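Below: one structure, written as structure tokens.
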Ligand SMILES: CCCNc1ncnc2c1ncn2[C@@H]1O[C@H](/C=C/CNC(=O)c2cc(-c3ccc(F)cc3)cc(O)c2O)[C@@H](O)[C@H]1O
Ligand SMILES: [Mg+2]
């Protein structure tokens, strides 16, 4: 049974990256996916927007939906202050060991907790089981039609506070129209759109920042 693309990405990181150096892991994935096999990592261009938003949020507790290979988990976790943590939800059991290994190579395992499951099942557990009070930053990069229902669920579970920052990938491509409709028509959110390009491609995309006003 030949290897999966995600396994090949891990092989490339394991062989080429400098252990304990998050930047070298990110560069290795971007090089591999830019030159050999496209993959749905947020990538180096949109990654700058992610970096800036994480720095603005300076989160103590951050959530990501859609770990995939752990690329954005590394981007986020490398910017976290001491004692801050990232919870990352992933439901595909094939990707979890790969993401864990890539995050370990980046030296960020202590800061990142990968939670296996569907976001809609995990979100209601965050307060009690994962000792979350409220979330300072949320990165949405999972199934696009789940962005809106999961945002509503975060609100209903009391996980957002005044100033919580949400950042959503792929607003243009593949697109998340229901999310955009919901968030921009909801006066409790201050929205900003960041036009950019799809990872590793000359295709337009955008990211949406939404600050919860409580
Ligand atoms: C119904 C389950 C919803 N809840 C969920 N809970 C936990 N993990 C979930 C998840 N949904 C999806 N996931 C995981 O997130 C990841 C999925 C992300 C979906 N992303 C995309 O489809 C995507 C797709 C593209 C894309 C762009 C151009 C193109 F031609 C083809 C694809 C680009 C991106 O940046 C993308 O993010 C996987 O690891 C999946 O297992
Ligand atoms: Mg994406």
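The values are calculated or read from the model by the stated rules, or taken from the named source; none is laboratory data. Source: prediction; values computed, not measured. Neighbour counts are summed over all protein chains in view; Cβ atoms, including those assigned to glycine, are modelled from backbone coordinates with ideal geometry.
Applying the criterion of at least 3 residues that are more than 10 Å from ligand 1 (Cβ to nearest atom) and closer than 13 Å to residue 63 by Cα to the strands (runs of 3 or more DSSP E) found wholly in the stretch 114-214 leaves 135-140, 160-168. Among the conditions (1) in a helix (DSSP H, G or I); (2) surrounded by 13 or more Cβ atoms within 10 Å (Cβ to Cβ), residue 18 misses just one, which is (1). Of the residues examined, residue 121 is not one that is modelled with pLDDT of 95 or more and closer than 26 Å to residue 26 by Cβ.
In the stretch 76-94, the residue that is farthest from the chain's Cα centre (by Cα) out of those that are closer than 24 Å to residue 31 by Cβ, buried (at least 21 other Cβ atoms within 10 Å of the Cβ) and within 13 Å of ligand 1 (Cβ to nearest atom) is 90. All conditions in (1) in contact with a helix residue (DSSP H, G or I) (Cβ under 8 Å, 6 or more places away or on another chain); (2) closer than 22 Å to residue 55 by Cβ hold for residue 85, with the sole exception of (1).
Results for (1) farther than 17 Å from residue 67 by Cα; (2) surrounded by 14 or more Cβ atoms within 10 Å (Cβ to Cβ); (3) more than 16 Å from ligand 2 (Cβ to nearest atom), shown as yes or no for each residue.
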site	(1), (2), (3)
125	yes, no, yes
167	no, yes, no
171	yes, yes, no
179	yes, yes, no
186	yes, yes, yes
199	no, yes, no
208	yes, yes, no
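The sole residue among 199, 208 that is more than 23 Å from residue 134 (Cβ to Cβ), under 16 Å from the mean Cα position of the chain (by Cα) and modelled with pLDDT of 95 or more is 199.
Residue 152 satisfies every condition listed in (1) touching a residue at least 12 places away in the same chain (Cβ under 8 Å); (2) in contact with a strand residue (DSSP E or B) (Cβ under 9 Å, 6 or more places away or on another chain); (3) more than 16 Å from ligand 2 (Cβ to nearest atom) except (2). Taking every residue in the stretch 169-188 that is at positive phi and pairing it with any residue that is assigned to a helix (DSSP H, G or I), at least 6 positions away or on another chain, the pairs with Cβ-Cβ distances below 8 Å are 170/144; 175/144. Within the stretch 56-74, the set of residues being in a loop (DSSP other than H, G, I, E, B) and within 16 Å of ligand 2 (Cβ to nearest atom) comprises 66, 67, 68, 69, 70. If you filter the stretch 75-90 down to residues that are away from ligand 2 (no atom under 15 Å from the Cβ) and touching a strand residue (DSSP E or B) at 6+ places or on another chain (Cβ under 9 Å), you find that the one that is nearest to residue 130 (Cα to Cα) is 87. Tell me which residues, restricted to the stretch 21-55, are more than 16 Å from ligand 2 (Cβ to nearest atom), under 14 Å from residue 106 (Cβ atoms) and buried (at least 18 other Cβ atoms within 10 Å of the Cβ). Of everything in the stretch 21-55, those that are more than 16 Å from ligand 2 (Cβ to nearest atom), under 14 Å from residue 106 (Cβ atoms) and buried (at least 18 other Cβ atoms within 10 Å of the Cβ) turn out to be 22, 25, 28.
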